[in-house]
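The values are calculated or read from the model by the stated rules, or taken from the named source; none is laboratory data. Computed from a predicted model, the values in this text were never measured in an experiment. Here the Cβ is made from the backbone with ideal geometry for all residues, glycine too, and neighbour counts use every protein chain on show.
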Amino acid sequence: MPKITYIEHNGKEHAVEVPAGWTVMEGAVKNRVPGIDADCGGACACATCHVYVDPAWKEKIPARTEMEESMLDFALDVKPESRLSCQIKVKPELNGLIVRTPKSQH
Amino acid sequence: MTDSIVIIGAGQAGVQAVASLRAEGFTGKLTLLGDEPFPPYQRPPLSKAYLAGDFARERLFLKPGAFFAEADCNLRLNTKALHVDRDAHLVHLENHEALSYGKLLLTTGARVRLIPVAGHDLPGVHYLRGIEDVDLLRPNLVAGKRVVIVGGGYIGLEVAAVAAKHGLEVTVLEAASRVMERAVSPLVSKFYEQEHVRHGVHLMLGAAAKHFEGHARVERVITEQGSLEADFVLVGIGVVPNDEIAGASGLTVANGIVVDEFTRTSDPDIFAAGDCTNHPNFYYARDNGRVRLESVQNAIDQAKHAALAMLGRPKTYREVPWFWSDQYDLKLQIAGLALPGDQIVPRGDPASRKFAVFHLRAGKISAVEAVNAAPEYIIGRKLIAEGKTVDTDALGDPEIPMKSIA
């Protein structure tokens, strides 16, 4: 199973295994990684699963869709590496992925 | 500070309350009661990805089991609360046990409205609210089967979309003159009607099911317009709030458990959140601002407010309502609450399958319905919250970016 490391705003790391086909958001929620609310459960409706993808992984993840791009406008502290974690599907090539959670989702 | 909290109802609101109570520093005893056999789960995917078979059951679960252990929350499934003795501060359970509470939170949700027609109890007549409903429904999704869907609201249309994609012969009966009448404006209804027809759905507006017929199981649906052969039927005609336990306990109930802007019921030690509440909503401009909402947003946000109120730090509920629906490749996103009489400002061409309809009241946006149009939705939602007066000409011109309107 692909391993994903979530790093909280305070530096705390959570390295967890996430089944392929799930989303990076689900990997966080099901493993109790704090800092990802995902109110809508992954419907790209709430923009509360914002993460920063480690720059080394940017090329391996499909680009933001227009929908995700717009939803991110609603998030706080958006950076070039910002993504909505519900829109990143976990696959074997993402083994080792590192994402960081923002200070706040609201 | 109260020493024990019992929460009746283990849905989205109940689980949020557990998380918020602990996050806000509650250290007392915490019990969450659920009457289903499953751990708390999200309902929105049930009529979409879960029905389609694209989503394993465990992905529906809102929290891993370890969450409840870590939150030191006693999650009790298959546990039905029957009655609240407010004087004794006791919740009586179906198994004759009684739980004492300092504060009580009711997050009892809603249940499907049953159709009161002959033949309603024939095998093959389905409803959709819980995991078990979908597990019973899914085996019927076989290409070539004929399904009659009673009700052209969110549930009916989402199931119609999944069924049409699976190659079924789909008929939707909607008693009103247009689909999703309670949720969207006529322009959006029209668009969705055309999309369903384009996908082969037989849509009958102004048509109601008079009764269901069949021998061992449902075989046909009788309407004013004639008889429709059916291999199975799905009824999606709305929900009713689970407010009986509140009413039987003497709390004020009126189309839901009546709460104030802090989620407090008529009993100072009892609170309520989510689909079951009739609450004052800042964004609802009639009926004295009182409304009952059926949404994830309201469940989550009211539960957060209930947690604060139970801990003696009440905060006025003032959150913009939002909703969504997935049908085919269309994402419908709605923010705010529209009312008849609002000025309608369409933006974009429905033929492009990407457009929005804004509702304005006194120059301010009261609601937005966006189809595959996230900027309109998200910026509209922000403008609703801010209560800013907007330039309606700019709003109606898709050439002018939403960002420059915000």
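Filter the range B:234-247 down to residues that are of a type in the set (A, V, I, L, M, F, W, C) and under 17 Å from B:LEU105 (Cβ atoms) and give me whichever is surrounded by the most Cβ atoms within 10 Å (Cβ to Cβ). It would help to see each step written out before you state the result.
Looking only at the range B:234-247, we keep the residues that are of a type in the set (A, V, I, L, M, F, W, C), and these are B:234-235, B:237, B:239-240, B:245-246.
Filter again for under 17 Å from B:LEU105 (Cβ atoms), leaving B:245-246.
On the way: B:ILE245: 22, B:ALA246: 28.
Ranking the qualifying residues of the range B:234-247, first place goes to B:ALA246.
Residue count for the range B:1-43 satisfying the condition of being more than 26 Å from A:ALA43 (Cβ to Cβ), at pLDDT 95 or above and among the polar types (S, T, N, Q): 3.
In the range A:26-40, the residues that are facing chain B (nearest Cβ under 7 Å) reach residues that are in a helix (DSSP H, G or I) with C-beta atoms within less than 7 angstrom, at least six apart or across chains, in these pairs: A:GLU26/B:ARG59; A:ARG32/B:ALA66; A:ARG32/B:PHE67; A:ARG32/B:GLU70; A:ASP39/B:VAL296; A:ASP39/B:ILE300; A:CYS40/B:VAL296. Within the range B:350-384, the set of residues being farther than 21 Å from A:GLU69 by Cα and either charged (D, E, K, R) or under 21 Å from the mean Cα position of the chain (by Cα) (or both) comprises B:ARG361, B:LYS364, B:SER366, B:ALA367. Taken together, B:GLY256, B:GLY274, B:GLY341, B:GLY336 contain a single residue that is surrounded by fewer than 21 Cβ atoms within 10 Å (Cβ to Cβ) and either farther than 30 Å from B:GLU24 by Cβ or small (Gly, Ala, Ser) (or both), which is B:GLY341. Across the range B:197-218, the number of residues qualifying as touching a helix residue (DSSP H, G or I) at 6+ places or on another chain (Cβ under 6 Å) and either buried (at least 19 other Cβ atoms within 10 Å of the Cβ) or among the hydrophobic types (A, V, I, L, M, F, W, C) (or both) comes to 2. If you go through the range B:260-285 and keep only what is among the hydrophobic types (A, V, I, L, M, F, W, C) and touching a residue at least 40 places away in the same chain (Cβ under 8 Å), you end up with B:PHE262, B:ILE270, B:PHE271, B:ALA272, B:ALA273, B:CYS276, B:ALA285. Pairing each residue of the range A:57-74 that is at the interface with another protein chain (Cβ under 8 Å from one of its Cβ atoms) with any residue that is of a type in the set (Lys, Arg) and in a helix (DSSP H, G or I), provided the two are 6+ apart or on different chains, yields C-beta distances under 8 Å for A:ASP73/B:LYS403; A:PHE74/B:ARG381; A:PHE74/B:LYS382.
From B:PHE232, B:PHE191, B:PHE212, grab the single residue that is closer than 30 Å to B:ARG347 by Cβ and touching a residue at least 12 places away in the same chain (Cβ under 8 Å). Within the list B:PHE232, B:PHE191, B:PHE212, the selection yields B:PHE191. Of everything in the range A:47-56 that is assigned to a loop (DSSP other than H, G, I, E, B) and surrounded by fewer than 24 Cβ atoms within 10 Å (Cβ to Cβ), the residue that is farthest from the other protein chains (Cβ to nearest Cβ) is A:ASP54. Being under 20 Å from B:SER325 (Cα atoms) and either touching a residue at least 12 places away in the same chain (Cβ under 8 Å) or within 20 Å of the chain's Cα centre (by Cα) (or both) is a property that B:VAL148 lacks. Number of residues in the range A:40-59 that are touching a helix residue (DSSP H, G or I) at 6+ places or on another chain (Cβ under 6 Å) and among the polar types (S, T, N, Q) equals 0. Among the residues making up the range B:286-301, a single one is away from chain A (no Cβ under 14 Å), part of a helix (DSSP H, G or I) and charged (D, E, K, R): B:ASP287. Scanning the range A:1-32 for residues that are crowded, with 20+ Cβ neighbours inside 10 Å, outside any helix (DSSP H, G or I) and under 11 Å from the mean Cα position of the chain (by Cα) yields A:ILE4, A:TYR6, A:THR23.
Please work out if B:LEU82 is assigned to a strand (DSSP E or B), over 30 Å from A:CYS44 (Cβ atoms) and either out of contact with any strand residue (DSSP E or B) (no Cβ under 9 Å at 6 or more places or on another chain) or modelled with pLDDT of 95 or more (or both). Before you say what the answer is, go through the steps one by one.
Working: assigned to a strand (DSSP E or B): yes; over 30 Å from A:CYS44 (Cβ atoms): yes; either out of contact with any strand residue (DSSP E or B) (no Cβ under 9 Å at 6 or more places or on another chain) or modelled with pLDDT of 95 or more (or both): yes.
So B:LEU82 fits the description; yes.
In this structure, is B:ALA164 in contact (Cβ under 8 Å) with a residue 24 or more places away in the chain, of a type in the set (A, V, I, L, M, F, W, C) and in a helix (DSSP H, G or I)? Yes. Within the range A:14-25, being of a type in the set (A, V, I, L, M, F, W, C) and either away from chain B (no Cβ under 13 Å) or without any contact (Cβ under 8 Å) to a residue 60 or more places away in the chain (or both) holds for A:ALA15, A:VAL16, A:VAL24. Name the residues in the range B:222-243 that are farther than 22 Å from B:SER47 by Cα and not charged (D, E, K, R), would you? Across the range B:222-243, the qualifying residues are B:ILE222, B:THR223, B:GLN225, B:GLY226, B:SER227, B:LEU228. In the set (1) out of contact with any strand residue (DSSP E or B) (no Cβ under 7 Å at 6 or more places or on another chain); (2) more than 26 Å from B:GLY153 (Cα to Cα); (3) surrounded by 20 or more Cβ atoms within 10 Å (Cβ to Cβ), B:ALA306 fails one condition alone, (1).
For the range A:59-97, residues that are touching a strand residue (DSSP E or B) at 6+ places or on another chain (Cβ under 9 Å), in a helix (DSSP H, G or I) and surrounded by fewer than 18 Cβ atoms within 10 Å (Cβ to Cβ) total 1.
Scoring B:ASP329 on the criteria (1) buried (at least 20 other Cβ atoms within 10 Å of the Cβ); (2) over 26 Å from B:SER100 (Cα atoms) leaves a single failure, condition (1).
Residues are listed down the side, and each one gets a yes or a no for (1) at pLDDT below 95; (2) buried (at least 22 other Cβ atoms within 10 Å of the Cβ):
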position: B:GLY152; (1), (2): no, yes
position: B:VAL159; (1), (2): no, yes
position: B:HIS166; (1), (2): no, no
position: B:ALA183; (1), (2): yes, no
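Residues considered: B:ILE222, B:ILE237. Of these, the only one that is over 17 Å from B:ALA161 (Cβ atoms) and touching a residue at least 60 places away in the same chain (Cβ under 8 Å) is B:ILE237. Going by the structure shown, is A:GLY11 within 13 Å of chain B (Cβ to nearest Cβ) and either of a type in the set (Gly, Ala, Ser) or over 25 Å from B:GLN42 (Cβ atoms) (or both)? Here the answer is no, as A:GLY11 does not meet what is asked.
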